[in-house]
Amino acid sequence: MEEKPKLKVTLLTGRTIEQGAGKERGKSSKEYVESVSVCYIDPEDMKKLGVKDGTNIQVSTAFGSVVVKAKKSLRAPHPGVVFIPYGLWANVVVDPETHGIGMPSFKGIPATVEPAPDKPVLGLEELLKTVFRKG
Amino acid sequence: MPVVKAVTCPVCGSLCDDIELTIENGRIVKVKNGCAMCEAKFLGYCGEHRVLKPMIRKNGELVKTTLKEAVRRAAEILAEANYPVLYGWSNTSCEAISVGIELAEEVGGVIDNTSVVCHGPSILSIQDVGIPSCTLGQIRHRADLIVYWGSNPWSAHPRHIERYTAFSEGRFEKSAWRSYVNKVKALVGRKKIQSAIKRLFFKKPVPVPPPVSEYKPYPSITKEGRKLIVIDVRRTKSAEIADYFVQVEPNKDYELLQAFRALIRDQELEVDKVAGVPVEYLEEVADAMVSCDFGALFFGLGLTMSSGKLRNIDAALSLVRDLNMRTKFVIMPMRGHFNVTGANTVFTWQTGYPYAVDFSLGYPRYNPGETSVVDVLLRKESDAALIVASDPVSNFPRKAAEHLVENPLIVIDPHMNVTAQMADVLIPSAFVGIEASGTAYRMDHVPIPLKKVVNPPRGILPDEEILRRILAEVRRIKKKMGEAA
Ligand code: SF4
C-alpha cells in the first residue's frame, strides 16, 4: 500500500471570530462545533498532504491525537504552521506543561498532520465520551 | 418598543458601553453598535442551550431537582472536600467574585480565575518589571502609533481598533479609517493591474511565485496620522489593515523583542534576519516606534502562551521602558473575558494576590505553578471542584480536564457548556449584564457598571445570590460538624 503523506508542523491555537460568536450562541450549537473542529493549513502544505478543503485530517502531538476538518488558510503563507481554534478538539492535543507558572503551552507545539479521509470528526458528545468517559 | 441605551457589552475585555438594545415583550430583539460576538450574546442568551432547572447527577444521568436541593448538595460536596478548587470568575460580576473568595476561605480551597490560562504570565512579569500604562481613553485621544503584538483584535476584540486605537476619532488624533480605505483601494487596484497583465500576456508562462519561505513584508503605504503595527505569527485580519506587519516565526517572539530593544538603543545587529524577519525591515519598524509622539503596545496570548511565556512579557515591558527613553510609550495586555481584570482586582483586594490563591493552610498563599489550578489538576490533588461562569473542560489541556471531571463537580452557569455536561451538580444562573446588574473592570482597570435590561427566567438567580446561599449552607454544615465533634 502506498504510504500516506505525513507532515511535521507547528501547531498554534487561538481565537477566530466564528469561534467567538459561536461560543456566545452555545457550546453545543452547530455553529460553535463547526468553528472549532477544524484545522487551518497553508495551501502549499495541503498540496503536499494531498488534501482538499473539508477533507478529514488527523493531528497528532506527544499528548494526543484528534481528527478535524482541513481548511484552507486565508492567512497564508505560513508553511509548516497549522492553526486550530480554541476548543475541546484543540485541547485534546495541546501541551499541558506549565513550566512551573500555571500556564499550559497552547501555542507552538510540534505536531504531525496526515490525511484521514476514513476517520470521522467526532461530535461534541462522542468526543466527551471517548476522552472523559462521562457525560 | 423600549430602547435601552448605553448598555455595556458583557463579552470581551473592551467592555464597549455604547450598545443600544431594543426590548419587546421582555426579550431583546435588536442590538445596535455591537460586534458579531456581542450580537450573538444579546440575541442568543435565551436560546435552546439555556439551562432552566437545577440538576443533579443520579446513576450517571443529570436529572432535574429543586434549587434548595442543588444548593444543599453543592454545599455538602464543598464542606466535605479536603482540597477543592474554585475556578472561573472572569465572566461574572465583581460582587459575585467577592462572595466566591469568602467561600474559598471558608472551605480551605484553591481559588483561581481564568487569567491563569490567559494573562497569568503577564501578571507575574508585571510584578517583576512594573508596567507603564494608562486608560484606553488617553490612547484614543493621544496615541499616534499603535502596536498589536501576538494579538488579533479583529477576531478577539472586534471593536477595539475602532473604539480605542487606530480607527477611533480622538481629540488630538484623527481616525485612520480613510487612509485604510485608500490603502485597500490601492491594493485592489494593484491586484487588478496584475491580473490584467496576466490576461494580456496569458500565452507567456505565468511567473512562478517565489518560495513561500521567502519573507515578504506586507506592502505598506506611508501616510500621515496614526500608524498601526501588527506583529504576529500569522497574517491575521488585523495584520492586513496594518501599516507594518512583522511576521515572526512561532516561538521566536523573545528574540524579536530583544532585537527591537537593541535597535532602539542604536545598536547594530550583525545578522541578516531575526525570527525570520529581515533586519532592514525591523530597522524601519523600530524607526517608526521611536519617532512617534505617543505609542501604545497591546499584547495578547501570542506572547503569554508561546515559548518563553512570562519572559516574553519581561522583554516587552523592557522594550517599552527603552522606548520611554526616547519618546512616550505605554503597554497594556489585551484581556479576553469581560471581567477577567475585575477578577484579578477583587482577588487582590481580598487576598493580596491576583489569582491562584490557596487557602488550605487557613491564610492566603500564592505560588503560581503550585497553587494554580492547572497544576493542582495535573498533580491530581483536588478532590472537588466548583466552576463558576467558565468552561474549563473545553479550555484546559486534556490531562488537566481529565482529573477535573473525576472529582465531584459543581457548575454554576447559565448555559449548557461542555463543563456543565460533566457536572454532578448544575445550578443555572442569570446572565450578568443582561439579567442582573453588577460591576466589571475594563482591560485598562476602569470599573464599568453592567446593566440589568430584562428579567431572568423564573426561579433563576444571579451568581452572587447562588454563592451566598451555598456559603450560608456550608457554614451551617460546618457548625453542625463542629458541634458533633
Ligand atoms: S468588542 Fe468586545 S465589548 Fe465591544 S461589542 Fe465586541 S465583544 Fe462586546
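Numerical summary
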read-out: Cα→Cβ-extended label distance, 7 Å offset, between A:T112 and A:K48, nm; value: 1.4
read-out: Amide proton proximity set for B:K328, modelled H, under 5 Å, gap of 5+; value: B:G295
read-out: For segment B:475-485, 3J(HN,Hα) per residue [Karplus equation, 6.51 cos²θ - 1.76 cosθ + 1.60, θ = phi - 60°, Hz, x = Gly/Pro]; value: 4, 5, 4, 5, 5, 5, 5, x, 5, 5, 6
read-out: Label-point separation, B:E280 to A:K30 (7 Å along Cα→Cβ), nm; value: 5.2
read-out: Interchain or long-range residues, amide H under 5 Å from A:D95's placed H; value: A:S105
read-out: Residue-averaged beta-carbon neighbours from other chains (10 angstrom radius) around B:303-313; value: 4
read-out: Fraction of beta bridges assigned by DSSP in the protein assembly as shown that are antiparallel (%, nearest 5); value: 50
read-out: Heavy-atom accessible surface of the protein assembly as shown: percent carbon and sulfur, 1.4 Å; value: 52
read-out: Pairs of lysines in segment B:21-88 (C-alpha under 23 Å apart; 8 or more residues apart or interchain); value: 6
read-out: For B:V248, distant residues with modelled amide H under 5 Å away; value: B:D232, B:V233
read-out: Residue range of chain B that is longest and free of GluC sites (Glu not before Pro) which are both DSSP loop and sparsely packed (at most 11 other C-beta within 10 Å); value: B:271-485
read-out: Peptide A:7-20, shielding by other chains (average Cβ, 10 Å cutoff); value: 5
read-out: Where A:D45, A:D118 fall by accessible area, highest first, once all protein chains stay in place (1.4 Å); value: A:D118, A:D45
read-out: With Cα atoms, 0 to 90° folded angle of helix B:279-290 axis to chain B main axis; value: 70
read-out: Order of exposure, largest accessible area first, which applies to B:S306, B:S291 with probe 1.4 Å; value: B:S291, B:S306
read-out: Overall form of chain A per C-alpha gyration tensor (a/c, 1.5; a/b vs b/c); value: rounded
read-out: Rounded to 10°, Cα long-axis angle of helix B:310-326 versus longest principal axis of chain B; value: 50
read-out: Estimated distance in nm for a label pair at B:A6 and B:E69, the labels positioned 7 Å out from Cα along Cα-to-Cβ; value: 4.6
read-out: Degrees, to the nearest 10: B:340-351 long Cα axis against longest axis of chain B; value: 50
read-out: B:D383 accessible area, 1.4 Å probe, all protein chains in place, Å² to nearest 10; value: 50
read-out: With DNA, RNA and ligands ignored, accessible area of B:V4 (1.4 Å probe; Å², nearest 10); value: 40
read-out: Extension gain, B:R265 back to B:E48 (0.36 nm per residue minus Cα-Cα distance, nm); value: 72.4 nm
read-out: Lysines with Cα under 19 Å of B:K273, excluding same-chain neighbours fewer than 8 positions away; value: B:K216, B:K252
read-out: Accessible surface, 1.4 Å probe, highest first, among residues B:R57, B:R226, B:R379; value: B:R379, B:R57, B:R226
read-out: HN-Hα J in Hz across segment B:397-414 - Karplus 6.51, -1.76, 1.60, θ = phi - 60°, x for Gly and Pro; value: x, 3, 4, 5, 5, 4, 5, 4, 7, 6, 6, x, 10, 10, 10, 10, 7, x
read-out: Computed accessible area, A:K47, all protein chains, 1.4 angstrom probe, square angstrom; value: 150
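The values are calculated or read from the model by the stated rules, or taken from the named source; none is laboratory data. Because the structure is a prediction, the values reported are computed rather than measured. Don't worry about glycine lacking a Cβ; one is built from the backbone with ideal geometry, like all the others, and counts go over all protein chains shown. The accessibility values were calculated without ligands, DNA or RNA, using every heavy atom of the protein model including side chains. Shrake-Rupley method; radii C 1.70, N 1.55, O 1.52, S 1.80 Å.
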